[in-house]
Amino acid sequence: MLNGIVELLRGLGITFRHMFEDPVTIQYPEIKRPTRYRFKGRHELKRYDNGLEKCIGCALCAAACPADAIFVEASENTDDVRFSPGERYASTYEINMLRCIFCGFCEDACPTEAIVLENNYELSFYDRASAIYTKEMLIVNPAEGVEGSPRQVEPGAFDRAIPDMADPK
C-alpha cells in the first residue's frame, strides 16, 4: 500500500513539473511551423526569368517516378506559339497526388529543373478528380511585368533565360 502511494506521488510530481513548462503544441491554422530544409511538399512547375516554361516535355520525370503518378504529353513549339525555349513543351502535365509518394525522383531526373517539390504541405481533396493536379495548377505565375507563355516570337529570336547569352563578355 505504501509502495502504491509513493508511485502515485512520483507520477503526480512529474505531472506538476510539466504543467508549468511551455507547451509543445502549436495552434495550427493560425500559427504554421516552418518546414525543414529537405522537406518535399507540393510540386511546382517553374519558369525562366523571361517567362517561358522550363518544362520541355521530355517525360524523364514520369519515367523516374516509382509510383507512376506523372503523365506528360509533349507538343512542338512554333514561332507563333512558343511555350518553352526548346523544340517541345509539355502540352499536358498531370500529377496524381493520390499516387505520389513525395520521393523527389522527378525533381532529380529533370534536366531543366522545371519540377520542384516546394514546402507547401496543405494538401487535401474532397474527391479523386481534385487530386489530379494539371499543368495550370502546377505552373507558377510569371514575375511581375514579364510576359508569360504562350507568346509569339520572331523566327529564331528567342533566348533561353540567360539575358546576355548572345553577347558573352
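Answer yes if at least one residue in the stretch 115-130 is surrounded by 12 or more Cβ atoms within 10 Å (Cβ to Cβ), of a type in the set (A, V, I, L, M), more than 14 Å from the chain's Cα centre (by Cα) and within 17 Å of His43 (Cβ to Cβ), and no otherwise.
Looking through the stretch 115-130, none of the residues is surrounded by 12 or more Cβ atoms within 10 Å (Cβ to Cβ), of a type in the set (A, V, I, L, M), more than 14 Å from the chain's Cα centre (by Cα) and within 17 Å of His43 (Cβ to Cβ).
From the set of residues in the stretch 79-96 that are part of a loop (DSSP other than H, G, I, E, B) and surrounded by fewer than 18 Cβ atoms within 10 Å (Cβ to Cβ), which is modelled with the lowest pLDDT? So that I can check it myself, show each step before the final result.
At the first step, the residues of the stretch 79-96 found to be part of a loop (DSSP other than H, G, I, E, B) are 79-81, 83-87.
Subset that is surrounded by fewer than 18 Cβ atoms within 10 Å (Cβ to Cβ): 79-81, 87.
Working: Asp79: 79, Asp80: 83, Val81: 85, Glu87: 86.
So the residue we want is Asp79.
Go through the stretch 1-57 and give me each residue that's closer than 30 Å to Glu87 by Cβ and of a type in the set (A, V, I, L, M).
Leu45, Leu52, Ile56
Is it true that Cys55 is surrounded by 10 or more Cβ atoms within 10 Å (Cβ to Cβ) and not in a loop (DSSP other than H, G, I, E, B)? Walk me through how you get there before you give the answer.
Details: surrounded by 10 or more Cβ atoms within 10 Å (Cβ to Cβ): yes; not in a loop (DSSP other than H, G, I, E, B): no.
Against the criterion (surrounded by 10 or more Cβ atoms within 10 Å (Cβ to Cβ) and not in a loop (DSSP other than H, G, I, E, B)), Cys55 does not qualify.
Among the residues of the stretch 131-145, count how many are part of a loop (DSSP other than H, G, I, E, B) and either buried (at least 16 other Cβ atoms within 10 Å of the Cβ) or hydrophobic (A, V, I, L, M, F, W, C) (or both). Spell out how you get there, then give the answer.
Filtering the stretch 131-145 for residues part of a loop (DSSP other than H, G, I, E, B) gives 134, 140-145.
Checking which are either buried (at least 16 other Cβ atoms within 10 Å of the Cβ) or hydrophobic (A, V, I, L, M, F, W, C) (or both) leaves us with 140, 142-143.
So the count comes out to 3.
Report the residue count in the stretch 90-106 for those that are in contact (Cβ under 8 Å) with a residue 60 or more places away in the chain and out of contact with any helix residue (DSSP H, G or I) (no Cβ under 8 Å at 6 or more places or on another chain). Write out each step before concluding.
Going residue by residue through the stretch 90-106, those that are in contact (Cβ under 8 Å) with a residue 60 or more places away in the chain are 102-104, 106.
Pick out the ones that are also out of contact with any helix residue (DSSP H, G or I) (no Cβ under 8 Å at 6 or more places or on another chain) and you get 102-104.
Looking only at that region, the number is 3.
Give all pairs with beta carbons closer than 9 Å in which a residue from the stretch 35-49 that is farther than 19 Å from Glu122 by Cβ and assigned to a strand (DSSP E or B) meets a residue that is at pLDDT below 90 and of a type outside the set (Lys, Arg); count only pairs at least 6 apart in sequence or on separate chains.
Between residues of the stretch 35-49 that are farther than 19 Å from Glu122 by Cβ and assigned to a strand (DSSP E or B) and residues that are at pLDDT below 90 and of a type outside the set (Lys, Arg), the close pairs are Arg47/Pro142; Arg47/Ala143; Arg47/Val146; Arg47/Gly148; Arg47/Ser149; Arg47/Ala161.
The values are calculated or read from the model by the stated rules, or taken from the named source; none is laboratory data. Source: prediction; values computed, not measured. When we count neighbours, we look across all protein chains shown, and the Cβ atoms used for this are built from the backbone with ideal geometry, even at glycine.
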